[in-house]
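What follows is one structure encoded as structure tokens, with my remarks underneath.
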Amino acid sequence: MFASKPKSNAASRNYARRFAPFMVLYVFAVAAISGWLGFSPDFDGWAGAALAASPALPIGGVIWAMGRYLDEQQDEFLRLKQVRSILLAVGFTMFVCTAWGFASQYAGLWALPLYMVFPMFCFAWGAASAYVAWRYR
Amino acid sequence: MANEFPDSMKRAQGRYTRSMIGAALAYAAVLIAAALAIRNLELPQWAVIALALAPVAPALLMLRAYLRFVNEIDEFHRRIQSEAVMIAAGIVGFGSLAYGFLEEWAGFPHLPLIWVLPALMFAYGVTACVVRARYRD
């Protein structure tokens, strides 16, 4: 039982090592496009569109880091728990997006921006991880 | 070896296909009926909200059909399914974040949240084929 712990910690350490720089890049990119770094970005044309979408690139890196964590996780049980948590979070996010989307489309509820889907999933993943940990305690 | 499906797997696939087609037809029918009713009838707000949320029920039936399918298949195919769903969720999460920033900062046309679930289902269809092909002999 304890022999598997160092391997699972290595996967967690690698995840943290990859996650942190991508999040720093994400915060920097959001600050840049929000005009908080002392210049007002121009969003005209294709270059402007690429600039506007630039915060998504480090998030792509975060998603890659999540995938690598699942690949490198040697402990089958920990991997099972994470996979279950992710699938629960995906189901919850799809349910909320569908319900909110129809409510805003037809019942006048304020429209949630699309960029909130990934943060919603991350929040749901955190809650689902806690639930799965409790279920398998 | 990966191309030979046992009878139990074929039965599970048959049940899944029939359930999914039924739920998808119900989803389309409820969606069209609700949209027509909201646009053409003078309805109280509570009825508008109820009709707006009505398509969520057949969407949940689709999810139920998929979860039942995943529970009926063997470990190997379950791993393929969960990998495919997670890769599809990563693609949709990244895409929704990127497009959300384009909407917010570069003036791209608003895409309602109701498209997130169909996007996930399309992406899952593609990733399931890719993941299955990866595990083929």
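From Cα pairs below 8 angstrom and at least 6 apart in sequence, can you work out the relative contact order of chain B, rounded to a whole percent?
For chain B, the relative contact order is 31 percent.
On the accessible surface of the protein assembly as shown, probed at 1.4 Å, how many percent belong to carbon and sulfur atoms?
Roughly 68 percent of what the probe reaches on the protein assembly as shown is carbon or sulfur.
Where only protein heavy atoms count, and the probe is 1.4 Å, what is the accessible area per residue for the stretch A:23-91 in Å²?
Ligands and nucleic acids excluded, the figure is 53 Å² per residue.
Over the Cα atoms of chain B, each weighted equally, I'd like the Debye log10 I(q)/I(0) at q = 0.20 Å⁻¹, rounded to two decimals.
Treating every Cα as an identical point scatterer, log10 I(q)/I(0) equals -1.21.
Only helices at least 20 Å long along their axis, Cα-based, and averaging -0.5 or more on Kyte-Doolittle count here, so list those DSSP H runs from chain B.
On the way: long enough: B:7-40 (49 Å, 0.38); B:56-72 (24 Å, 0.87); B:75-106 (45 Å, 0.43); B:116-134 (26 Å, 1.36).
Span-like helices here: B:7-40, B:56-72, B:75-106, B:116-134.
Could you calculate, for chain A, the ratio of the Cα radius of gyration to the Kirkwood radius, expressed as Rg to Rh?
Numbers: Rg = 18.5 Å, Rh = 17.4 Å.
In chain A, Rg relative to Rh is 1.06.
Taking R0 as 30 Å, what FRET efficiency do you get between A:W134 and A:S12 from their Cβ-Cβ distance, rounded to the nearest 0.05?
Numbers: r = 19 Å, r/R0 = 0.65.
Rounded to the nearest 0.05, the efficiency is 0.95.
If you bin the C-alpha pair distances of the protein assembly as shown every 10 Å from 0, what whole percents do you get?
Spelled out bin by bin, the protein assembly as shown gives 6, 23, 30, 25, 13, 3, 0 percent.
Take chain B, connect every pair of alpha-carbon atoms lying under 10 Å apart with a spring to form a Gaussian network, then pick out the residue of B:A123, B:A12, B:A35 with the largest mean-square fluctuation.
Result for chain B, Cα springs under 10 Å: B:A35 fluctuates most.
Along the Cα→Cβ direction, 7 angstrom out, place labels at B:D74 and A:V24. What is the inter-label distance in nm?
Modelled inter-label distance: 4.8 nm.
Could you tell me the relative contact order of chain A? Use alpha-carbon pairs under 8 Å, at least six residues apart, and round to a whole percent.
25 percent
Using Cα springs under 10 Å in a Gaussian network model of chain A, which residue among A:G61, A:G101, A:G45 shows the largest mean-square fluctuation?
Comparing A:G61, A:G101, A:G45 in the GNM, the peak value goes to A:G45.
The values are calculated or read from the model by the stated rules, or taken from the named source; none is laboratory data. Not measured: the values here are computed from a predicted model. Reconstructed Cβ throughout: ideal geometry from the backbone, glycine too, with neighbour counts over all protein chains shown. For the accessible areas, the whole protein counts, side chains as well, though only heavy atoms, and no ligand, DNA or RNA atoms are used. Shrake-Rupley method; radii C 1.70, N 1.55, O 1.52, S 1.80 Å.
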